[in-house]
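Below is one structure, written out as structure tokens, with a few remarks after it.
Just so you know, all these numbers are worked out from the coordinates, no wet-lab data involved. Values in this document were obtained by computation on a predicted structure and should not be read as measured data. Because the Cβ atoms are built from the backbone with ideal geometry, glycine has one as well, and the counts that use them run over all protein chains shown.
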Amino acid sequence: MYNIRNATVNDLPVMLEQAKVFTKFYGLEWHEPSVATLLTTLINTGVVKIAFNNDVVMGAIGGIIVTNPWNTTQQVLQEMFWWVAEDYRGTSIGIRLLHSFENSFKGTTVLSILPQTPVKNDMLFKLGYSVKEYAFVKG
């Protein structure tokens, strides 16, 4: 059976290992102090959920709560990472993490999804999401 809970700084070692995979995939230079600072900030001031099957990490999702620059009376939960361990892809754990993430914040949730993700746009549309912008990276 699995459990989804709020991440703590005690989860940093396993989250850092997964972040290495992400940064390599994204073509970023790995800098552990920066990633550790980011994850600690997200854990302490944002929303970070982590899923376990006994002691095995199944996945995690995290984001930061920011003020909407176009309407400063609103806050937005901006997802910064969402991953599921390879052994658990194709199961419901990714969507369960997303629901837990959304339920931790009342307001607008923004997802930034990599084009190669196995997450299907149709699933996100069914959950009420819509495409508002594409992000392009140079360099």
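Numbers for the structure displayed
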quantity	calculated
Qualifying residue in the stretch 82-92 (condition: closer than 22 Å to Tyr134 by Cα and either out of contact with any Ser or Thr (no Cβ under 8 Å at 6 or more places or on another chain) or part of a loop (DSSP other than H, G, I, E, B) (or both))	yes
Hits in the stretch 13-53 - residues which are more than 29 Å from Lys138 (Cβ to Cβ) and small (Gly, Ala, Ser)	Ala51
Selection count where residues are free of Cβ contacts under 8 Å to residues at least 24 places away in the same chain, of a type outside the set (Ser, Thr, Tyr) and assigned to a helix (DSSP H, G or I), scope the stretch 22-43	4
Positions within the stretch 93-139 being among the polar types (S, T, N, Q), in a loop (DSSP other than H, G, I, E, B) and farther than 19 Å from Met58 by Cβ, in sequence order	Ser112, Gln116, Ser130
Residue that is farthest from Gln78 (Cα to Cα), among those in the stretch 1-43 that are surrounded by 12 or more Cβ atoms within 10 Å (Cβ to Cβ) and among the basic types (Lys, Arg)	Lys20
